[in-house]
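Following: one structure in C-alpha coordinates, then a few remarks.
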Amino acid sequence: MKLIKNIVILVYISSIFAACSSDEDPVIINEEELITTVRATLIPEGGGTEVILESVDLDGEVGPNEPIIEVSGTFNPNTMYAGTLKILNEAESPAEDITLEIMEEDEDHQFFFSFTNDIATATYGDEDSNGNPVGVQFNLLTGAAGSGGFTIILRHEPDKAAADVNTGDITNAGGSADVQVTFNIAIE
(Lines give C-alpha, C1' and ligand atoms only; values in the text may rest on other atoms or scores of the structure.)
Protein backbone atom coordinates (compact mmCIF):
# COMPACT_ATOMS: atom_id res chain seq x y z
CA MET A 1 0.00 0.00 0.00
CA LYS A 2 2.82 2.33 0.88
CA LEU A 3 4.44 1.61 -2.50
CA ILE A 4 1.25 2.54 -4.38
CA LYS A 5 0.94 5.74 -2.33
CA ASN A 6 4.55 6.71 -3.21
CA ILE A 7 3.93 5.98 -6.91
CA VAL A 8 0.80 8.14 -6.88
CA ILE A 9 2.73 10.98 -5.24
CA LEU A 10 5.55 10.67 -7.80
CA VAL A 11 3.08 10.67 -10.70
CA TYR A 12 1.37 13.75 -9.23
CA ILE A 13 4.67 15.63 -8.79
CA SER A 14 5.77 14.61 -12.29
CA SER A 15 2.54 15.94 -13.77
CA ILE A 16 3.09 19.29 -12.02
CA PHE A 17 6.60 19.61 -13.49
CA ALA A 18 5.35 18.54 -16.92
CA ALA A 19 2.61 21.16 -16.80
CA CYS A 20 5.16 23.85 -15.98
CA SER A 21 7.55 22.98 -18.78
CA SER A 22 7.10 24.17 -22.33
CA ASP A 23 7.95 22.51 -25.61
CA GLU A 24 8.31 25.91 -27.26
CA ASP A 25 11.68 27.56 -27.69
CA PRO A 26 12.09 30.71 -25.64
CA VAL A 27 11.34 33.90 -27.52
CA ILE A 28 14.46 36.00 -27.90
CA ILE A 29 13.62 39.66 -27.66
CA ASN A 30 15.93 41.91 -29.66
CA GLU A 31 15.47 45.23 -27.92
CA GLU A 32 15.77 48.26 -30.14
CA GLU A 33 18.83 50.34 -29.51
CA LEU A 34 18.59 53.98 -28.53
CA ILE A 35 19.65 56.05 -31.52
CA THR A 36 20.78 59.51 -30.50
CA THR A 37 22.91 60.53 -33.47
CA VAL A 38 22.63 60.29 -37.24
CA ARG A 39 25.69 61.55 -39.11
CA ALA A 40 25.97 61.59 -42.89
CA THR A 41 29.36 62.44 -44.37
CA LEU A 42 29.25 63.38 -48.06
CA ILE A 43 32.42 63.74 -50.12
CA PRO A 44 32.24 65.27 -53.60
CA GLU A 45 33.52 63.15 -56.48
CA GLY A 46 36.76 64.57 -57.83
CA GLY A 47 37.59 66.38 -54.58
CA GLY A 48 36.32 69.39 -52.75
CA THR A 49 34.83 70.22 -49.39
CA GLU A 50 32.92 67.45 -47.64
CA VAL A 51 29.49 68.20 -46.20
CA ILE A 52 28.50 66.70 -42.84
CA LEU A 53 24.87 66.42 -41.83
CA GLU A 54 24.27 65.61 -38.18
CA SER A 55 21.24 65.18 -35.95
CA VAL A 56 21.86 64.71 -32.21
CA ASP A 57 18.98 63.93 -29.85
CA LEU A 58 20.58 62.80 -26.60
CA ASP A 59 17.27 62.17 -24.82
CA GLY A 60 15.88 60.16 -27.72
CA GLU A 61 12.46 60.42 -29.35
CA VAL A 62 10.60 60.26 -26.03
CA GLY A 63 12.60 63.02 -24.34
CA PRO A 64 11.39 66.60 -24.15
CA ASN A 65 14.40 68.12 -25.95
CA GLU A 66 14.35 68.67 -29.70
CA PRO A 67 17.25 67.25 -31.72
CA ILE A 68 20.12 69.54 -32.66
CA ILE A 69 20.39 69.42 -36.46
CA GLU A 70 23.47 70.82 -38.18
CA VAL A 71 24.62 71.01 -41.79
CA SER A 72 28.32 71.91 -42.19
CA GLY A 73 28.01 73.65 -45.56
CA THR A 74 26.40 73.79 -48.97
CA PHE A 75 26.46 71.32 -51.82
CA ASN A 76 27.80 72.00 -55.30
CA PRO A 77 25.24 71.85 -58.13
CA ASN A 78 25.17 68.85 -60.46
CA THR A 79 27.76 66.98 -58.41
CA MET A 80 28.00 63.35 -57.27
CA TYR A 81 28.76 62.84 -53.57
CA ALA A 82 29.82 59.59 -51.89
CA GLY A 83 27.84 59.28 -48.68
CA THR A 84 28.47 57.30 -45.51
CA LEU A 85 26.11 57.05 -42.55
CA LYS A 86 27.17 56.66 -38.93
CA ILE A 87 24.45 55.83 -36.39
CA LEU A 88 25.34 56.22 -32.71
CA ASN A 89 23.99 55.95 -29.19
CA GLU A 90 25.87 58.78 -27.49
CA ALA A 91 23.88 58.31 -24.27
CA GLU A 92 26.43 55.53 -23.58
CA SER A 93 30.01 56.27 -22.60
CA PRO A 94 31.88 55.58 -24.77
CA ALA A 95 29.35 56.06 -27.56
CA GLU A 96 27.91 52.84 -28.98
CA ASP A 97 28.25 52.50 -32.77
CA ILE A 98 24.80 51.25 -33.85
CA THR A 99 26.02 51.16 -37.47
CA LEU A 100 27.86 47.92 -36.64
CA GLU A 101 24.62 46.27 -35.47
CA ILE A 102 22.79 47.51 -38.57
CA MET A 103 25.43 45.89 -40.77
CA GLU A 104 25.36 42.66 -38.72
CA GLU A 105 21.58 42.54 -39.16
CA ASP A 106 21.66 43.96 -42.71
CA GLU A 107 18.77 41.79 -43.95
CA ASP A 108 16.53 43.46 -41.32
CA HIS A 109 17.48 47.08 -42.08
CA GLN A 110 17.28 49.53 -44.95
CA PHE A 111 17.77 53.27 -45.19
CA PHE A 112 15.47 55.34 -47.39
CA PHE A 113 16.32 58.77 -48.77
CA SER A 114 13.93 61.42 -50.03
CA PHE A 115 14.23 65.02 -51.16
CA THR A 116 11.88 67.95 -51.57
CA ASN A 117 12.00 70.32 -54.53
CA ASP A 118 13.82 67.72 -56.68
CA ILE A 119 17.12 69.03 -55.31
CA ALA A 120 18.92 65.67 -55.43
CA THR A 121 18.61 61.91 -55.88
CA ALA A 122 20.22 59.06 -53.97
CA THR A 123 21.31 55.55 -54.97
CA TYR A 124 22.50 52.69 -52.81
CA GLY A 125 26.19 51.88 -52.54
CA ASP A 126 25.98 48.70 -50.49
CA GLU A 127 23.83 45.60 -50.10
CA ASP A 128 22.89 42.91 -47.61
CA SER A 129 23.83 39.24 -47.84
CA ASN A 130 20.86 38.66 -50.19
CA GLY A 131 21.87 41.39 -52.62
CA ASN A 132 19.27 43.89 -51.38
CA PRO A 133 20.15 47.51 -50.51
CA VAL A 134 21.07 48.68 -47.01
CA GLY A 135 22.14 52.31 -47.48
CA VAL A 136 24.98 52.83 -45.00
CA GLN A 137 26.95 53.64 -48.14
CA PHE A 138 25.11 55.70 -50.76
CA ASN A 139 25.59 58.19 -53.57
CA LEU A 140 23.90 61.56 -53.73
CA LEU A 141 23.61 63.44 -57.03
CA THR A 142 22.69 67.10 -56.64
CA GLY A 143 20.63 69.00 -59.18
CA ALA A 144 20.59 72.69 -60.03
CA ALA A 145 21.04 75.39 -57.40
CA GLY A 146 18.24 75.49 -54.85
CA SER A 147 17.28 74.32 -51.39
CA GLY A 148 15.01 71.78 -49.78
CA GLY A 149 14.72 68.91 -47.34
CA PHE A 150 16.78 65.73 -47.33
CA THR A 151 15.10 63.02 -45.23
CA ILE A 152 16.87 59.89 -44.02
CA ILE A 153 14.74 57.05 -42.64
CA LEU A 154 16.02 53.77 -41.20
CA ARG A 155 13.41 50.99 -41.42
CA HIS A 156 13.61 47.89 -39.27
CA GLU A 157 12.35 44.69 -40.92
CA PRO A 158 11.21 46.21 -44.21
CA ASP A 159 9.81 43.91 -46.91
CA LYS A 160 12.77 44.15 -49.25
CA ALA A 161 10.97 41.95 -51.81
CA ALA A 162 8.02 44.37 -52.10
CA ALA A 163 7.53 46.43 -55.25
CA ASP A 164 10.24 49.08 -55.80
CA VAL A 165 11.70 48.81 -52.28
CA ASN A 166 15.04 47.77 -53.80
CA THR A 167 15.14 51.10 -55.66
CA GLY A 168 14.55 53.11 -52.50
CA ASP A 169 10.77 53.58 -52.69
CA ILE A 170 9.49 53.38 -49.11
CA THR A 171 5.81 53.10 -50.14
CA ASN A 172 5.58 49.29 -49.90
CA ALA A 173 8.43 48.72 -47.44
CA GLY A 174 6.41 48.15 -44.28
CA GLY A 175 8.47 47.53 -41.16
CA SER A 176 8.94 50.15 -38.48
CA ALA A 177 10.99 53.34 -38.42
CA ASP A 178 14.04 53.13 -36.16
CA VAL A 179 14.94 56.74 -36.92
CA GLN A 180 13.82 59.55 -39.21
CA VAL A 181 15.48 62.93 -39.62
CA THR A 182 15.17 65.77 -42.14
CA PHE A 183 18.04 68.12 -42.97
CA ASN A 184 17.53 71.46 -44.72
CA ILE A 185 20.22 71.56 -47.41
CA ALA A 186 21.29 74.15 -49.95
CA ILE A 187 22.88 73.70 -53.37
CA GLU A 188 24.91 76.73 -54.49
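The values are calculated or read from the model by the stated rules, or taken from the named source; none is laboratory data. No experiment lies behind these values; they were computed from the predicted model shown. Remember, those area values only see protein heavy atoms, side chains included, never the ligands or the DNA or RNA. Shrake-Rupley method; radii C 1.70, N 1.55, O 1.52, S 1.80 Å.
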Query raised in the report: Got the relative contact order for the range 57-112 handy, in percent, Cα pairs under 8 Å and 6 or more residues apart?
Result: 21
Query - For the range 120-188: relative contact order, % (alpha-carbon pairs under 8 angstrom, 6 or more apart) - result: 32
Query raised in the report: Whose amide H sits under 5 Å from the amide H of Asp126, counting only residues 5 or more places off or on another chain, with H placed in the peptide plane?
Result: Val134, Gly135, Gln137
Query raised in the report: Once amide H atoms are built 1.01 Å from N in the peptide plane, which residues 5 or more positions from Phe75, or in another chain, come under 5 Å H to H?
Result: Ala186, Ile187, Glu188
Report summary line: Heavy-atom accessible area of the range 33-187 with neighbours in place, 1.4 angstrom probe: carbon+sulfur share in percent works out to 46
Requested in this report: Step through the residues of the range 133-141 one at a time and calculate ³J(HN,Hα) from phi using the Karplus curve (6.51 cos²θ - 1.76 cosθ + 1.60, θ = phi - 60°), rounding each to whole Hz and writing x for Gly and Pro.
Outcome: x, 10, x, 5, 10, 8, 10, 10, 10
Query raised in the report: Per residue, how much space in cubic angstrom lies within the convex hull of the C-alpha atoms of the range 33-187?
Result: 113
